[in-house]
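First comes the structure, then the notes that go with it.
The values are calculated or read from the model by the stated rules, or taken from the named source; none is laboratory data. The shown structure was predicted, so the numbers you read here are calculated from the model rather than taken from an experiment. Cβ: placed from backbone, ideal geometry, glycine included. Neighbour counts: every protein chain shown.
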Amino acid sequence: MKKISVLIPCYNEEENVIPLSEAITEQFEKYLSEYDYEIIFIDNDSKDSTRLKIAALCEKDKHIKAIFNAKNFGQFNSPYYGICQTTGDCTICMCADFQDPVDLIPKLVHEWEKGYKIVSAIKTSSKENPVIRFMRTCYYKVIKKMSDVEQIEHFTGTGLYDKSFVDVLRKLDDPAPFLRGIVAELGFKRKDVEYEQQERRAGKTSNNWYKLYDAAMLSFTSYTKIGLRIATISGFFISIISMMIAFAYLIAKLLFWQNFPLGNAPILIGVFVLGGIQLFFIGLLGEYILNINTRVMKRPLVIEEKRLNFDE
């Protein structure tokens with residue numbers, strides 16, 4: 001009998017974990033009864049009663065397992081680590097807030113049985129804030145244009161991964177993994193399944209502008225060179241233009257200094273403009289260096305506090 005793993009990363013989802021586990025179990029009993037399954041919650045150090053409710057679920061049902069992180073290891077490390085701990089013939093990753101509908105599970109499995117090693121869930125529409133939706137769309141299109149690797153638009157990591165691909169993830173040894181980019185870069189034969197993203201069922205999202213920026217910069221510095229190329233090319237042309245302006249200023253001073261007193265204004269303007277450009281590109285260079293530094297340190301993805309219902 002084939003086994004399907006469902007991984008649910010969670011953080012402060014006390015109102016969602018019980019109804020979500022019930023909904024997933026119902027999907028398997030109704031539509032996937034010929035499969036064995038496991039539901040794994042990986043909790044990223046929740047501050048509410050999420051862990052207590054997950055522990056109660058594990059006590060009632062041995063199909064439900066849990067990994068409790070020792071602290072919050074971020075929105076990328078925890079899901080990636082969780083996928084690598086699954087034991088099924090395939091792993092389905094989905095969020096804990098019901099924005100990814102549970103009726104996706106049979107559809108993903110159906111495509112997997114056709115031979116696809118990766119079945120990615122693509123958001124064709126969403127009930128989220130239209131401004132956020134528009135900004136996400138712009139981001140995906142920009143990163144797709146700039147990236148050296150094909151990027152998948154409106155793919156958040158929700159989808160099904162065959163065991164063979166999960167084995168690839170285990171061998172990567174990447175301390176700063178960006179699953180969406182890895183799927184695009186290293187993924188096997190892939191099938192896209194479209195869905196409409198639902199509203200959050202309950203609770204409050206932990207995503208904020210800083211986390212969205214962090215995700216954007218991780219993908220930008222991991223899969224594009226264009227930032228550094230723009231800095232190099234811009235620096236070259238700005239240097240030439242600056243030298244031409246300085247030369248023209250010198251000639252004007254020598255020939256027309258009595259009728260055309262330029263003063264120090266051009267110098268001050270040039271200093272501020274060039275200073276702003278330099279600060280921008282130093283910051284951009286710093287993002288690349290930070291990405292490199294994170295990978296060189298080789299820190300563990302996650303430190304576990306404890307596991308529930310895993311075989312020793």
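Scoring Phe281 on the criteria (1) at pLDDT below 75; (2) in a strand (DSSP E or B) leaves a single failure, condition (2). From the list Glu13, Glu34, Glu22, which one is of a type outside the set (S, T, N, Q), without any contact (Cβ under 8 Å) to a residue 12 or more places away in the chain and assigned by TED's automatic domain parsing to the domain that holds Lys107? Matching residue, one of Glu13, Glu34, Glu22: Glu22. Taken as a whole, the condition of being over 28 Å from Lys191 (Cβ atoms) and either modelled with pLDDT of 95 or more or crowded, with 22+ Cβ neighbours inside 10 Å (or both) applies to Ile54.
Quick check, is Val102 aliphatic (A, V, I, L, M) and in a loop (DSSP other than H, G, I, E, B)?
yes
For the range 37-56, a tally of residues being among the aliphatic types (A, V, I, L, M) and touching a residue at least 40 places away in the same chain (Cβ under 8 Å) returns 4. Among the candidates Ile67, Ile8, Ile54, the residue that is assigned by TED's automatic domain parsing to the domain that holds Ile118 and more than 26 Å from Phe155 (Cα to Cα) is uniquely Ile54. The set of residues in the range 38-50 being at pLDDT below 95 and surrounded by fewer than 23 Cβ atoms within 10 Å (Cβ to Cβ) consists of Asp45, Ser46, Lys47, Asp48, Ser49.
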